[in-house]
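Only one structure is covered here, and it is reproduced in the block below.
The values are calculated or read from the model by the stated rules, or taken from the named source; none is laboratory data. This is a predicted model, so every value here is computed, not measured. Backbone-built Cβ (ideal geometry, glycine too); neighbour counts: all protein chains shown.
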Amino acid sequence: MSDAFKGYRGKALSVLKEFGVRVWSDASIQTTRGEFKGIILPRSENDDDQHLVLKLNTGYNIGIDIKTITGMKEVNYREAHYKIPEKEFPFSEEKPNVKLFGTGGTIESRLDYRTGAVIPAFSPGELYGAVPELADICNLKTEKLFAVFSENMGPQQYITLAKAIGEEIKNGIHGIVIGHGTDTMHHTAGALAFMVQNPPVPVVMVGSQRSSDRPSSDAALNLIHAATAAATSDIAEVMVCMFGPTSDEYGLLHRGTRVRKMHSSYRSTFRTIGDIPLATVTCEGVKPLKEDYNKRRHDRKANVFPFFEERVSLVYYYPNMHPDIIDALVDNGYKGIVIAGTGLGHVNKPVYPAIERAVRKGVAIYMTVQTLWGYVHMFVYDTGRDLMDKGVIPAENMLPEVAYVKLGWALGQTDDLDCVKEIMLTPVNGEITEREPYNGYLVYQGGIPEIEEFLKRVHK
Ligand code: ASP
């Protein structure tokens, strides 16, 4: 498609062509809701064909429904001003080599935080143009594996990623960064932690909560932090690197099996659950907060286990859930079910017969807790004991999403339910821990300034 209509397709493309208005032009658009003036921005390939995107003079981007457009005029054309400068990414013998895999999400579709434009940027040259600090950190190579929002990630993508990481490790890379949408980054992090075990180098997942056309964007800083961690950190694990506090003081590195997106819009959305984060990261480098981590090595050994059984489900229990939810999964050939139960790991009595039937039919059922923090304890109440009698297996303090990807991964290797149980209950990388640190719940969450502020307000 020509650059004049970059990213537009279908009906939206026809409207632009009909009025002869190009992407990057200053346009005035008449609609049934009034007149709008601004710059027509390109769209990413994931977007619909029903809207034009206009950057208003206030800096805000708005979508204009093409059905409301009655007329449109190109007032000025200013492509050069908004283009990300493509510069050749410099190479230096002394710098570590880092590979950036792209999977999609906000971080990759909008990276030009300097010019304020919304642009899909991904080649090393474009990244360098948008975030030149990257060249001070490493020699960067990029590869776009997918271009999807993260709700579209799944087992096939996990497997492709795991294999690609394995190849890079064999080729002697010093660190890996994975750009990913934030919404399901913790699922992918868990899956990769099981599929790529004992990596000799850091594997750092990164995303952004705010698009880079907003002044408060976290895209560039997260990317700088992730590249720093991949290039220099001694922690060689699958990790997530995102804002620590809501301010830009430092980023946090979270273990891939203990991390979760916890806020729909805060930049500090990722929190380590049931433990403390692995490290803080600034432009100066990485400072570990824990000692028990997998250390960087200089070999090229990649232990890649790229398996996944897709017929596994995660069921979030709610009061009065009917047994047919479980029956439907069994009747559709599901081989494993993870339940996120209430409290210490409970569901209501009417669901029992469905669970019994599922177990009889050879479905593996694991229990996790909706509280996220804490352990499944099924010996405390009758409910827990009854469920265990019926064959439900407590998944310790595995997070529900992590237990889900682990069960998919385990059933991808074997149908033998004893083996599956052994795999499920043997920790690979911190998904099951002996105890939660007493101070993890509140203190080490990268929110210390916020906690101080909160306390000051409360204890007036
Ligand atoms: N919806 C987006 C995604 O998860 C949000 C983001 O990139 O942060 O792909």
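Under the condition of being over 19 Å from Asp218 (Cα atoms), buried (at least 19 other Cβ atoms within 10 Å of the Cβ) and either modelled with pLDDT of 95 or more or within 15 Å of the ligand (Cβ to nearest atom) (or both), the residues counted in the stretch 128-145 number 2.
Tyr316 passes every criterion in (1) surrounded by fewer than 16 Cβ atoms within 10 Å (Cβ to Cβ); (2) free of Cβ contacts under 8 Å to residues at least 60 places away in the same chain; (3) of a type outside the set (D, E, K, R) apart from (2). Contact map, the stretch 13-38: residues that are within 18 Å of Lys55 (Cβ to Cβ) paired with residues that are surrounded by fewer than 21 Cβ atoms within 10 Å (Cβ to Cβ) and among the aromatic types (Phe, Trp, Tyr), Cβ distance under 7 Å, separation 6+ or inter-chain. Pairs shown: Leu16/Phe5; Arg22/Phe5; Arg22/Tyr77; Val23/Phe5; Trp24/Tyr77; Trp24/Tyr82; Ser25/Tyr77; Ile29/Phe36. I need the full set of residues from the stretch 339-362 which are over 22 Å from Phe379 (Cβ atoms) and part of a loop (DSSP other than H, G, I, E, B), in order please. If the condition is that a residue be over 22 Å from Phe379 (Cβ atoms) and part of a loop (DSSP other than H, G, I, E, B), then Lys361, Gly362 are the ones that fit. The set of residues in the stretch 364-384 that are part of a loop (DSSP other than H, G, I, E, B) and small (Gly, Ala, Ser) contains only Gly374. When Ser268 is tested against (1) more than 21 Å from Pro199 (Cα to Cα); (2) part of a helix (DSSP H, G or I), only condition (2) is not met. Within the stretch 73-85, the set of residues being surrounded by 15 or more Cβ atoms within 10 Å (Cβ to Cβ) and modelled with pLDDT of 70 or more comprises Glu74, Tyr77.
Residues in the stretch 93-127 that are part of a loop (DSSP other than H, G, I, E, B), more than 15 Å from the ligand (Cβ to nearest atom) and modelled with pLDDT of 65 or more: Glu93, Glu94, Lys95, Pro96, Ser123. Would you confirm whether any residue within the stretch 178-198 is free of Cβ contacts under 8 Å to residues at least 24 places away in the same chain and more than 16 Å from the ligand (Cβ to nearest atom)? So far as the stretch 178-198 goes, no, none of its residues is free of Cβ contacts under 8 Å to residues at least 24 places away in the same chain and more than 16 Å from the ligand (Cβ to nearest atom). Screening Glu151 against (1) at pLDDT 95 or above; (2) within 13 Å of the ligand (Cβ to nearest atom) leaves a single unmet condition, (1). Among the residues of the stretch 322-338, those that are in contact with a strand residue (DSSP E or B) (Cβ under 8 Å, 6 or more places away or on another chain) and either surrounded by 19 or more Cβ atoms within 10 Å (Cβ to Cβ) or part of a loop (DSSP other than H, G, I, E, B) (or both) comprise Ile326, Leu329, Tyr334, Lys335, Gly336, Ile337, Val338.
Only residues that are of a type in the set (D, E, K, R) and under 16 Å from Tyr317 (Cα atoms) were counted in the stretch 343-402, giving 2. Checking each residue in the stretch 304-321 for being under 30 Å from Val201 (Cα atoms) and part of a strand (DSSP E or B) picks out only Val304. Restricting to the stretch 252-265, name every residue that is assigned to a loop (DSSP other than H, G, I, E, B) and touching a residue at least 60 places away in the same chain (Cβ under 8 Å). Result: Gly256, Thr257, Arg258. When we screen Glu291, Glu249 for residues that are without any contact (Cβ under 8 Å) to a residue 12 or more places away in the chain, more than 16 Å from Val98 (Cα to Cα) and part of a loop (DSSP other than H, G, I, E, B), the only hit is Glu291. Scan the stretch 147-166 for residues that are in contact (Cβ under 8 Å) with a residue 24 or more places away in the chain and either charged (D, E, K, R) or under 21 Å from Lys301 (Cα atoms) (or both) and jot them down. Result: Glu151, Tyr158, Ile159, Leu161, Ala162, Lys163, Ala164, Ile165, Gly166. Cβ-Cβ distances below 7 Å connect the following pairs, each with a first residue in the stretch 125-146 that is polar (S, T, N, Q), a second residue that is assigned to a helix (DSSP H, G or I) and buried (at least 23 other Cβ atoms within 10 Å of the Cβ), and a separation of six or more residues or different chains: Thr142/Leu127.
Take Arg457 and tell me if it is over 26 Å from Arg260 (Cα atoms), modelled with pLDDT of 95 or more and of a type in the set (Lys, Arg). The answer is no for Arg457.
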